[in-house]
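The structure under discussion appears below in the form of structure tokens.
The values are calculated or read from the model by the stated rules, or taken from the named source; none is laboratory data. Source: prediction; values computed, not measured. Please note: Cβ atoms are built from the backbone with ideal geometry, for glycine as well, and neighbour counts cover all protein chains shown. Remember, those area values only see protein heavy atoms, side chains included, never the ligands or the DNA or RNA. Shrake-Rupley method; radii C 1.70, N 1.55, O 1.52, S 1.80 Å.
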Amino acid sequence: MPRSTIIKSLLITTLLLVTVVTCSGQSTTGTVSMSATVSKFVEINSGGAVTLTGNSGGGVTTDGVANSPLAVSINLGELGPSNTNNFVTALVPLKLRSNAAYVLSMSATVTSSGSTANRIGAADVGFGLGTISRTGTGVNTGGTDTNATSGDPTLPANGSVNGTTGRYEFTAVRSNLSAFSSATTALSGPFIMNAVPRSNANGLTVPAFFAVKPQFFENGTTNISVTFTVTAP
Amino acid sequence: MRLRRFAYPFVILLVLLTARSTSAQALDISSGGLPTITGAVNGSVTGNADVRGDLVVTINFGEVSPLNPNSIVKVVVPIALRSNQPYQVAVSMSGLANANAEAVQASDVGFGIQNIRVLGGAGKICTQSTHVIHSPFNNDPANSASVGSNGRIVYPSTLANLSGSTTILNGPQLSKNNSSIRQQSDGYVLDAIFTLTPQFFATGISSATLIFTISAGPNVPC
């Protein structure tokens, strides 16, 4: 190989090395890229203590504790004619929170030890959601919530004695548990919370009414189980 | 003769390239080590563990809705600086332009500078000037978060304090030597701290890009 070719090769190699050093050398800029994800979030908790009225015997077995998981147990007491009150009513406060539009649905099962049509059934248990409250720092007060129930089931407009059978009936739309044999929407609305941390204890509160009118039901015991579910569709 | 015709332009080119290398080393910004992340759910941070590597960091804060039960997501990004002259560091931001006020905003991302320290034995220790973190960035946002009057988390300084190219730091010469190649011990390191508190933000994915730039700063004595 000619000497000049060798020298040229060496020079070119040196040039490339210097170029590499120059390109991989120091820099006056640096980059920090960042991203974050916000997923839909909804939750339901107890809105506070249960209120039980019109009962004869019974009581609140497991009470609600505000901002704790909803797990309430209530003994409605005597529901036969020996209870002379107009209604036995349990008021269960609910608290909902979300960063997206929400749907609160409910499903209920009613089982009675009786064997006749006079036993307590799902239609004999009145249900409704009361006044919806969006108050407190960090709560979105805009938008409108849609209550799919008829409210307090004990209101005269929501029920009456059947003229034919004589049995008291909760007649308004979604005013008794027979309307909730499967998961059925009870309440829906726009996002509840503004951009505040979860430690903020505020939210949307709404009372859930459960009512039974004491009647000549078939004697026995009845279990009522209700499940609330909130979703962000 | 033909070799000389080839060699002379080559030498000139070599001198020019060498001069470019020499001038480029006067001011340098690089990785200051591996960044860290705490409090994240499905989050991560990537960077260069080698202080001789470029500053290219990718932060994924992960889930920042209440599905993340942690009180704060904190990322610490070490940044190395080198210079043979007084310097300043500026930051510019792009992104995070969410129209929904309840979505993550620049003001929701805490940003502070802490822990300026010498990078090894060749870091220049000046006695007549100090390295100055510009207001309001001299804080660890994770230690100074509070709840605002509207219930939203606020920090002493956030990405919303960046307007255009914003100077966050300046000071005297950083390096003792004048090497054209990054050394492991010839400058200073600082921690850029980023925080994001999980909240009931509006859903979505937010992103931003920050450019850190070092340039000649005010002529302060060493």
Exercise. Using Cα atoms only, what is the angle between the long axis of helix B:2-24 and the major principal axis of chain B, expressed in degrees (0 to 90) to the nearest 10?
Worked result: 40
For this session: Might you work out the accessible area of B:SER146 for me, using a 1.4 Å probe with all protein chains in place, and round it to the nearest 10 Å²?
Result: 60
Exercise. How high is the relative contact order of chain A, in percent, with contacts defined as C-alpha pairs under 8 Å that are six or more residues apart?
Worked result: 28
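Within 10 Å of each Cβ in B:39-46, how many Cβ atoms from other chains are there, averaged over the peptide?
1
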For this session: Go through region B:26-41 residue by residue and turn each phi into a ³J(HN,Hα) via Karplus (6.51, -1.76, 1.60, θ = phi - 60°); whole Hz please, and just put x for glycine and proline.
Result: 4, 9, 8, 10, 8, 4, x, x, 6, x, 10, 9, 9, x, 8, 10
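Roughly how many Å² is the accessible area per residue of the protein assembly as shown, as a whole number, for a 1.4 Å probe?
The answer is 45 Å² per residue.
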Problem set entry | Per-residue [θ]222 nm for chain A (sum of -39500 (n - 2.57) over DSSP H runs n ≥ 4, rounded to 500) | -3000 deg cm²/dmol
Exercise. Among the DSSP beta bridges whose two residues both lie in the protein assembly as shown, what percent are antiparallel, rounded to the nearest 5?
Worked result: 95
For this session: Working from Cα positions, state the angle (0 to 90°, nearest 10) between the long axis of helix A:3-23 and the longest principal axis of chain A.
Result: 30
Seminar exercise, completed: Calc'd 3J(HN,Hα), region A:105-112, phi into Karplus 6.51 cos²θ - 1.76 cosθ + 1.60 (θ = phi - 60°), Hz, glycine/Pro = x, comes to 10, 9, 9, 9, 10, 10, 10, 10
Exercise. Comparing B:ALA192, B:ALA40, B:ALA160, which has the greatest mean-square fluctuation in the GNM of chain B with Cα pairs linked when under 10 Å apart?
Worked result: B:ALA160
Exercise. Once you average over the residues of B:188-196, how many Cβ atoms of partner chains fall within 10 Å of each Cβ?
Worked result: 1
Exercise. Residue by residue through region B:215-222, which ³J(HN,Hα) values in whole Hz follow from phi under the Karplus form 6.51 cos²θ - 1.76 cosθ + 1.60 (θ = phi - 60°), with glycine and proline marked x?
Worked result: 8, 4, x, x, 7, 8, x, 9
For this session: Report, by chain and number, residues whose modeled amide H sits under 5 Å from the one on A:VAL139, excluding near sequence neighbours (fewer than 5 apart, same chain).
Result: A:ASN194
Exercise. In percent, how large is the relative contact order of chain B, given Cα pairs closer than 8 Å and 6 or more residues apart?
Worked result: 30
Exercise. Roughly how big is region B:84-222's charge dipole about its Cα centre, with Cβ charges of +1 (Lys, Arg) and -1 (Asp, Glu), in debye to the nearest 20?
Worked result: 360
Exercise. How many Cβ atoms of partner chains, on average, are near each residue of B:65-72 if near means within 10 Å of its Cβ?
Worked result: 5
